[in-house]
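I have placed the structure first, in the form of structure tokens, so that the comments after it can refer back to it.
The values are calculated or read from the model by the stated rules, or taken from the named source; none is laboratory data. Everything numeric in this text was worked out from a predicted model, so none of it was measured. Every residue, glycine as well, gets a Cβ built from its backbone with ideal geometry; the counts of neighbours run over all protein chains shown.
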Amino acid sequence: MTDGRFGPPYWSPGEFPEVNGYPRYPAPEMARRHAWAAAACAEAGVDAILVGGSTGPLETSVQYFTNWPAQVPCYAILQPGEAPVLHVRLWNHVPDARRIAAIDDIRYGGDTPREQAEAVAAELVARARRRVGMIGSIPHGDLEVMRVQLPDAGFVDLNDAYQSFRLVKSEAEMVFTRIASRMNDAAIAALASELRPGIREYEVAKVIEDVYLGHRAVNLIHFSLSTSMNDPQVVVPHQYHPDRLLEAGDVFVTEISTTFWGYAGQILRTFTIAADPIPRYAHLHEVALSTYHAIVKVLRPGATVGEVLDAAAEISEAGLDIWDDLVHGFGGAYLPPIIRTRDARGATHPDEFAYPEGTLLVVQPNVIDGEAGVQVGNSLQLIGDAAISTQTYPTELIRCG
């Protein structure tokens, strides 16, 4: 399934702590996260923070503060000077939460969302909270229940501050990110070995997930497109694999993120199936790869959104366009700034925004020409005076099959 350079073992013994047989974020790392929450309370003038949600493709807030990867919506309450509390829905999930969570106070949330919302509200009342910060995913119905129970309370959205905090990754976070990235590399190596005429696009999911499912990781995304190079019909990877049969002369493009304990890198590559790239696709990939390198060259701590947009100008100058976002923050969420090109909606942040040290982001030019498109990219961390890729698989266009 791999070429010998990519594949297990994906981590070394002792690379991360394990408790009760499960990975755990280190105690100093959890203390850092809770210290940020206490500082956020002071800055926003709130008495406590309510963290909600279940661990999903781009939502890991409860896991981030507790180490518990909730499968249904749960709530953590963080209050300066007090021990954090985790409310867990579904009675059969409570034992594992107690084994896995890195906090001690684990409570049963209730049989229904309403019961859990009422239990959380009762806990906030008991703590005499009058202003509550909110992080993560909190359903409208739950919030309405809490408002009834706390009619005098103010609820303050802290997600912007939280996303800015999460944009920067600590070394402990990067341990998990690098493990996930090694699995991404192995998935691309497996595709290079296995893609061929005669398999259906949805069958590719098994090739990818077989790489890591036996190594404690799960799928975040594996998007794909396949289309004839001579008669292209698709420019950007599908989120859901269609039943199209791969044929000789196809192009295949994929975007893969494997999740290891709440963290993921990202890799994007383009393949041709049983054929060399025709000139149109060779040119698209050349521009995409050149743009990728131009952006990576300017990225460093302190690099600005404006510098990234300037580096991306090659796409428009070549008379081409993009469909997918060009650059975005990553790791536990799809994080701003989100950047495209100056001719394609610009960016969510002004040119003057400067990336802080430790930022994890993805550079992923999806260069298109009419109905033809390619994509290449990696997740990278901004450290020292450079952008260091978490991926090592070569970026060239890959012929297989």
Pairs needed: first member in region 231-258, assigned by TED's automatic domain parsing to the domain that holds Y281; second member anywhere, aromatic (F, W, Y) and part of a loop (DSSP other than H, G, I, E, B); C-beta distance under 9 Å; at least 6 residues apart or different chains. V235/W323; V236/W323; S257/F330; T258/Y212
R98 fails exactly one of the following numbered conditions: (1) in contact (Cβ under 8 Å) with a residue 24 or more places away in the chain; (2) assigned by TED's automatic domain parsing to the domain that holds G56; (3) not acidic (D, E). What is the number of that condition? (1)
In the set P151, P242, P232, which member is part of a loop (DSSP other than H, G, I, E, B) and at pLDDT below 95? P151
Which number in (1) at pLDDT below 95; (2) crowded, with 20+ Cβ neighbours inside 10 Å marks the one condition that A126 misses? (2)
Determine if region 287-309 includes at least one residue that is among the polar types (S, T, N, Q), within 23 Å of T254 (Cβ to Cβ) and surrounded by fewer than 20 Cβ atoms within 10 Å (Cβ to Cβ). yes
Options D111, D104; residue that is more than 28 Å from the chain's Cα centre (by Cα) and either outside the structural domain of G52 (by TED's automatic domain parsing) or without any contact (Cβ under 8 Å) to a residue 24 or more places away in the chain (or both): D111
Taking region 204-226 and keeping residues part of a helix (DSSP H, G or I) and touching a helix residue (DSSP H, G or I) at 6+ places or on another chain (Cβ under 9 Å) leaves V204, V207, I208, E209, H215
If D96 satisfies every condition in (1) of a type outside the set (S, T, N, Q); (2) under 19 Å from D47 (Cα atoms); (3) modelled with pLDDT of 95 or more but one, which is the exception? (2)
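Name the residues in region 11-33 that are assigned to a helix (DSSP H, G or I) and out of contact with any helix residue (DSSP H, G or I) (no Cβ under 7 Å at 6 or more places or on another chain), would you?
Our first condition is that a residue be assigned to a helix (DSSP H, G or I); within region 11-33, this holds for 27-33.
A27, P28, M30, A31, R32 - these are the residues of region 11-33 that are assigned to a helix (DSSP H, G or I) and out of contact with any helix residue (DSSP H, G or I) (no Cβ under 7 Å at 6 or more places or on another chain).
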Identify the single condition in (1) within 24 Å of R32 (Cα to Cα); (2) crowded, with 17+ Cβ neighbours inside 10 Å that G81 does not satisfy, given that it satisfies every other one. (2)
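Can you name every residue in region 16-31 that is exposed (fewer than 14 other Cβ atoms within 10 Å of the Cβ) and charged (D, E, K, R)?
E18
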Which residue out of R32, R5 is within 23 Å of A172 (Cα to Cα) and of a type outside the set (F, W, Y)? R32
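Of everything in region 77-100, what is part of a strand (DSSP E or B) and farther than 17 Å from A27 by Cβ? Give them in sequence order.
Within region 77-100, the first condition is being part of a strand (DSSP E or B), and the residues that meet it are 77-78, 85-89.
Within region 77-100, I77, V85, H87, V88, R89 qualify.
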Looking for something under 20 Å from Y25 (Cβ atoms) and over 24 Å from the mean Cα position of the chain (by Cα) - is there at least one such residue anywhere in region 133-146? no
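Can you pull out the strands (runs of 3 or more DSSP E) entirely within region 297-376 that have at least 3 residues that are without any contact (Cβ under 8 Å) to a residue 60 or more places away in the chain? Step through it out loud before you land on a result.
Working: elements: 327-329, 335-341, 344-347, 360-363, 367-369.
Strands (runs of 3 or more DSSP E) meeting the threshold: 335-341, 344-347.
For region 197-218, name all the residues that are under 21 Å from G7 (Cα atoms), surrounded by fewer than 17 Cβ atoms within 10 Å (Cβ to Cβ) and not acidic (D, E).
First, the residues of region 197-218 that are under 21 Å from G7 (Cα atoms): 203-218.
Then keep just the ones that are surrounded by fewer than 17 Cβ atoms within 10 Å (Cβ to Cβ); that gives 203, 205-206, 210, 213-214, 216, 218.
A205, K206, L213, G214, R216, V218, listed by residue number.
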